[in-house]
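Peer 1: Supplied in structure tokens, the structure appears directly below.
The values are calculated or read from the model by the stated rules, or taken from the named source; none is laboratory data. Note that the coordinates shown come from a computational prediction; the quantities given were computed from them, not determined experimentally. Note that each Cβ is placed from the backbone with ideal geometry, even for glycine, and that neighbours are counted across all protein chains shown.
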Amino acid sequence: MDAFAPVPPAWTETATHAWEFVCPTCRAHSTDAQQVWINRRSPVFSEDHRRKWQEFYQCQCGTVWWAWSTERPPSDLSKREHPEPDRFWRDWNQDDFS
């Protein structure tokens, strides 16, 4: 199954909207899904003009659910620490040009 296939698979027809980004039946995470399909052909624009897509999941318990891509919880990869840009430039300017 190609998650980015242009045509939705038949199993997505029975999907229900999950109000949390977990299976509404057994509360399994999206990473535990047996199949995934992302509807990239029909993006929706949010109030701040960002695109979001419907992500469909077929859970191991048999439930088919979907949620908006913007509802996805942050991953561990996004928790990396980066220096604050203002602090970086402030320190750089003071140290090198004083």
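Peer 1: For a quick check of your reading of the model, give me the residue pairs whose first member lies in segment 1-27 and is touching a residue at least 12 places away in the same chain (Cβ under 8 Å), whose second is of a type in the set (D, E, K, R), with beta-carbon atoms closer than 7 Å and at least 6 apart or on different chains.
Peer 2: Going by the 7 Å Cβ cut-off, the qualifying pairs are F4/R40; P6/R41; F21/E71; F21/R72.
Peer 1: For D91, state whether it is over 30 Å from W11 (Cα atoms), surrounded by 10 or more Cβ atoms within 10 Å (Cβ to Cβ) and at pLDDT below 75.
Peer 2: So D91 fits the description; yes.
Peer 1: I've got another one for you. Among residues belonging to segment 43-72 that are among the β-branched types (V, I, T) and assigned to a strand (DSSP E or B), point out the one that is farthest from V22 (Cα to Cα).
Peer 2: V44
Peer 1: For segment 1-42, what are the residues that are assigned to a loop (DSSP other than H, G, I, E, B), crowded, with 16+ Cβ neighbours inside 10 Å and touching a Pro at 6+ places or on another chain (Cβ under 7 Å)?
Peer 2: A18, F21
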